[in-house]
Amino acid sequence: MQINSNSCRSRSTLPYIPDDVMFNIVLRLPSRSLIRFKYVCKAWHAIISSQFFVHAHLEQSKLKPSSVLMAPGFYKKHRNGQNFAFLMGLYKYQGNNIMQHLHDFPYDFPQVLDTWSHPVHCNGLLFVSDMKDKMLIYNPSTTEVVSLPNGSPNLYKGRGHGFGDNHNKRYKVTRVYYQRDYETLLLTCKCEVLTLRTNAWRQMEDPPYPIGSPVYVKGAIYWMVSRTSLHPEPPNNTLVQFCLTEERFSLLSRPCNMKPSCLTQVGDELYCGFFISEGLSLEIWRCSFGQKPKWTQHCAIQIPPYAIKRPVASPLVAFHGNCWHRIRSTSMTPKPVNWREYL
């Protein structure tokens, strides 16, 4: 990569450093330091702002141990004492049951968020939306926030938003929403996609089924099928997949005929969890993407009785390194407990 560094060399206070050496130095800096270094000189700004560097910095960061971000929520009354808001705190798990508080939603971003819905992550970025369909992209490393334009009117709030990047390293937001068919007077499930920096939503084909919270893995977004009035008896053995490159929906068979308790991403792999209430166990299945997707049971975790609040309630778990942690959250601050299982 060739960068014109004459603007740096002309300063007597800065010694000459070859461009390739400078590139490899800044490549190892944390994101917050890069923001400050961009304004040292034009040459450094050009290096750090280039798409080649952004991609290289992302690949470099994947060599480091991954972090866990937790977003517990709670209900709180407004000052008038009548309306309730569902608020979210953002915490970083640092290991050894230590939590670092990062932000509170919507207090830190009152101009864009009201009440929040489940956040979605990709490559260290968080997509957050509220129940009024306001949307933003948040970078926890730099605390930068980008607000997204409004999409089409939605009659079913806070459902089915997806976020990821395709093979061209362009981030896309997938928005599933509901509108009324005025001929049949029935709600229909719709989809639109926004490519970041284009500032425009594009209409896609309709999803095959109503969908819930998404997971991004290797250029595609996956959803579990939701039970709604549109489809009161959805299929139990199907996941919905949306390819971000081809921008097309398809179906992916689930590993067994039970309804999954959770769908998640660990590293670059898709996992599906099934909570077995009779034996108090959690089966974890992993999907291998070859010529044909194949599910294999990765492990079965016996859950201690104290981890279950109700006889049929599945525990909240998070993933850090090669461990699964049970999370207890009785207030705004999540509390990891000692129960864990190795992958």
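Readers should treat all values here as calculations from the given coordinates under stated rules, not as data from a laboratory. Being a predicted model, the structure only gives us computed values, none of them experimental. Backbone-built Cβ (ideal geometry, glycine too); neighbour counts: all protein chains shown.
Modelled label-to-label distance, GLU205 and ASP181, 7 Å Cα→beta-carbon offset: nm?
Computed distance between label sites GLU205 and ASP181 equals 1.7 nm.
Going by how many other beta carbons lie within 10 Å of each one, how would you line up THR184, THR174, fewest first?
Listed from fewest to most nearby Cβ atoms, that is THR184, THR174.
For the pairs LYS132/LYS294; LYS64/LYS190; LYS64/LYS259; LYS169/LYS294; LYS190/LYS259; LYS42/LYS218, flag any whose C-alpha to C-alpha distance is greater than 30 Å.
Check vs 30 Å cut-off fails for LYS132/LYS294; LYS64/LYS190; LYS64/LYS259; LYS42/LYS218.
Please report SER33, SER129 as a ranked list, fewest other C-beta atoms within 10 angstrom at the top and most at the bottom. The partial results should precede the final answer.
Working: SER33 11, SER129 25.
Least to most surrounded, the residues fall as SER33, SER129.
Quick query: amide H of SER281 versus all other amide H atoms, modeled in the peptide plane; which residues come in under 5 Å with a sequence gap of 5 or more or a different chain?
Amide H to amide H, under 5 Å and 5 or more residues apart or across chains, SER281 pairs with ILE276, ILE303.
Please label the shape of the range 149-253 as rounded, prolate or oblate, based on the square roots a ≥ b ≥ c of the eigenvalues of the alpha-carbon gyration tensor (a/c under 1.5 means rounded; beyond that, a/b larger than b/c means prolate, else oblate).
On the way: a/c = 2.21, a/b = 1.25, b/c = 1.77.
It is oblate, given that a/c is not under 1.5 and a/b is not larger than b/c.
Starting with the fewest neighbours, write out LYS42, LYS172 ranked by other beta-carbon atoms found within 10 Å of each beta-carbon.
Ranking LYS42, LYS172 by Cβ neighbours within 10 Å, fewest first, gives LYS42, LYS172.
Residues with amide H under 5 Å of TYR171's amide H, sequence separation 5 or more or different chain, H placed in the peptide plane at 1.01 Å from N; which?
Amide H to amide H, under 5 Å and 5 or more residues apart or across chains, TYR171 pairs with LEU196.
Can you compute the FRET efficiency between ASN139 and CYS256 using 1/(1 + (r/R0)^6), with r the Cβ-Cβ distance and R0 = 51 Å? Round to the nearest 0.05. Don't jump to the answer; show the numbers that get you there.
Working: r = 38 Å, r/R0 = 0.74.
Efficiency computed from Cβ-Cβ geometry: 0.85.
Working out 0.36 nm times the residue gap between CYS243 and ARG36, then minus their Cα-Cα distance, what length gain in nm do you get to one decimal?
Values: separation 207, 0.36 × 207 = 74.52 nm, distance 3.61 nm.
That works out to 70.9 nm of additional length.
Multiply the residue separation of LYS218 and SER147 by 0.36 nm, subtract the distance between their alpha-carbon atoms, and state the gained length in nm to one decimal.
On the way: separation 71, 0.36 × 71 = 25.56 nm, distance 2.48 nm.
The span from LYS218 to SER147 would gain 23.1 nm if fully extended.
Set the Förster distance to 25 Å, then compute FRET efficiency between ASP20 and PHE289 from the Cβ-Cβ distance, nearest 0.05.
Values: r = 35 Å, r/R0 = 1.41.
Computed FRET efficiency for ASP20 and PHE289: 0.10.
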